[in-house]
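Have a look at the structure below before the remarks.
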Amino acid sequence: MSKALDGVRILDFTHVQSGPTCTQLLAWFGADVIKVERAGAGDITREQLRDIPDVDSLYFTMLNHNKRSVTIDTKNPEGKLVLEALIQKCDVLVENFAPGALDRMGFTWERIQELNPRMIVASVKGFGPGPYEDCKVYENVAQCAGGAASTTGFDDGPPVVTGAQIGDSGTGLHLALGIVTALYQRTQTGRGQKVLAAMQDGVLNLCRVKLRDQQRLERTGTMKEYPQYPNGTFGEAVPRAGNASGGGQPGWILKCKGWETDPNAYIYFITQAPVWAKICNVIGKEEWATDPNYATPAARLPHLKDIFAEIERWTMTKTKFEAMQILNKYDIPCGPILSMKEIAEEPSLRKTGTIVEVDHPTRGKYLTVGNPIKLSDSPTEVKRSPLLGEHTDEVMTELGYSPEQISALRTAGAI
Ligand code: COA
């Protein structure tokens, strides 16, 4: 079966996490992704957090599936010529270097346009134009600068970063959307364009509801669904809301049977208004369904802590999976706190290709997260990440270089 992005060639200048997540998605949708790395070293993540000596790390392998790897020294004059040939052949150049690195290499937007006016140049940067535009940025910096950390955690503790890589992988996703959108516009205009996804902007986009709350707070001085209501105090900025749901339906994380020894024996429980009577029945508080202090969502807001404490008395008598089974029967929204171990072993995720086992020539078998976006006409087949420079000769041959020229460039240290 054909793939959605068949025929699209991506010159992949990305490294670490944010850029590689973007180009991996494009590769899964069928683009030919040619990853350019420095000979002898490659993407720094190849050697970071290694669990097997001298073998590409899981950090690298899990972010670089379905790509080809070529080594080019882009600071070597002959290496630059190879890169120029690639720019002429590709549709999109994706990069997440520190600000200015591509220009310093000699590949400004103007130069790239000269070489290929159809080229889309897509970049991840830490910040957009402004006071921080020259800063190098990693995941947690973006989480802090994008508003996530100040709104995550508990009221009596410091700001907290989240395990979901919303700064890196989140921005990679944003960039991928920008790229396919620019490719679509190019079908009308015939021209390439610059695509920028700043990590601060990406995180803020995912924290949109917190900017909503900032304005609500400024107008009314309170937010009744936050745990600070009614007994705590609100300051000038959106506070950390613990495990409150962030939406119109109050929720909280509750202990389940076994919580004393299992750190993940918890369930997320949502007291959705339409099923309030069913919740009251399940936990044995039938009288709350009609009690004016509990019967309506507005009446419940000042009592949320007590309500969740009462529900928890019930969830603590069940395992998280038993509680799920019972609650789902009544359409009560809830979700188990799943550990990574449980997720890795979950058969349904294997079945859908969300968790995939991949074989690698030096690492052997390992698990990875497959494509979370499923297209019915463009199924994803997850292929192992390339070894460093595995496809240099293949790509050079496609560019028209002879075996003699390839070996001369190698001797000159250009590839
Ligand atoms: N041949 C020759 N030189 C190469 C090369 C190649 N194939 N590939 C990269 N380089 C050079 C670059 O030109 C740059 O040189 P310069 O500084 O002399 O101009 C150098 O390698 C290092 O690039 P840089 O991006 O500065 O790497 P770093 O390890 O110092 O910084 C980041 C890493 C992630 C902090 C930085 O790239 C960054 O801020 N990126 C944007 C935001 C981002 O994506 N952050 C999240 C990463 S998950």
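Table for the structure above
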read-out	value
H15, sole failed condition from (1) within 14 Å of the ligand (Cβ to nearest atom); (2) surrounded by fewer than 21 Cβ atoms within 10 Å (Cβ to Cβ); (3) of a type outside the set (F, W, Y); (4) at pLDDT 95 or above	(2)
Matching residues, the stretch 46-83, being under 17 Å from D32 (Cα atoms) and either within 13 Å of the ligand (Cβ to nearest atom) or assigned to a loop (DSSP other than H, G, I, E, B) (or both)	L63, N64, H65, N66, S69, V70, T71, L83
W314 vs. criteria outside any loop (DSSP other than H, G, I, E, B), over 30 Å from R384 (Cα atoms) and touching a helix residue (DSSP H, G or I) at 6+ places or on another chain (Cβ under 6 Å)	no
Qualifying positions in the stretch 214-256 - without any contact (Cβ under 8 Å) to a residue 60 or more places away in the chain, closer than 22 Å to E310 by Cβ and of a type in the set (V, I, T)	none
Check on P20, more than 24 Å from R191 (Cα to Cα) and near the ligand (Cβ under 10 Å from one of its atoms)	yes
The stretch 95-111: number of residues that are within 21 Å of A197 (Cβ to Cβ) and away from the ligand (no atom under 15 Å from the Cβ)	1
Flag for R9 being away from the ligand (no atom under 11 Å from the Cβ), open to solvent by 10 Å² or more (accessible area, probe 1.4 Å), among the charged types (D, E, K, R) and touching a residue at least 40 places away in the same chain (Cβ under 8 Å)	yes
Qualifying residue in the stretch 122-131 (condition: at pLDDT 95 or above, away from the ligand (no atom under 13 Å from the Cβ) and surrounded by 14 or more Cβ atoms within 10 Å (Cβ to Cβ))	no
The one condition in (1) over 20 Å from the mean Cα position of the chain (by Cα); (2) open to solvent by less than 50 Å² (accessible area, probe 1.4 Å) that P361 fails to fulfil	(2)
Flag if V92 is among the hydrophobic types (A, V, I, L, M, F, W, C) and either closer than 20 Å to A197 by Cβ or open to solvent by 40 Å² or more (accessible area, probe 1.4 Å) (or both)	yes
Of all residues in the stretch 165-182 being surrounded by fewer than 21 Cβ atoms within 10 Å (Cβ to Cβ) and among the aliphatic types (A, V, I, L, M), the one that is nearest to the ligand (Cβ to nearest atom)	L173
Residue in the stretch 257-265 that is open to solvent by 70 Å² or more (accessible area, probe 1.4 Å), in contact (Cβ under 8 Å) with a residue 12 or more places away in the chain, assigned to a loop (DSSP other than H, G, I, E, B) and over 21 Å from A244 (Cα atoms) present	yes
Of residues in the stretch 132-147 being near the ligand (Cβ under 9 Å from one of its atoms) and part of a helix (DSSP H, G or I), the one most open to solvent (accessible area, probe 1.4 Å)	V141
Boolean, K365 is part of a strand (DSSP E or B), among the basic types (K, R) and farther than 30 Å from L83 by Cα	yes
Residue in the stretch 150-157 that is among the aromatic types (F, W, Y), over 23 Å from S385 (Cβ atoms), within 13 Å of the ligand (Cβ to nearest atom) and assigned to a loop (DSSP other than H, G, I, E, B) present	no
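The values are calculated or read from the model by the stated rules, or taken from the named source; none is laboratory data. The model shown is predicted, which means the values in this text are computed figures rather than measured ones. Cβ: placed from backbone, ideal geometry, glycine included. Neighbour counts: every protein chain shown. Ligands, DNA and RNA are stripped out before the accessible areas are found, and what is left, the full protein with its side chains, is counted by its heavy atoms. Shrake-Rupley method; radii C 1.70, N 1.55, O 1.52, S 1.80 Å.
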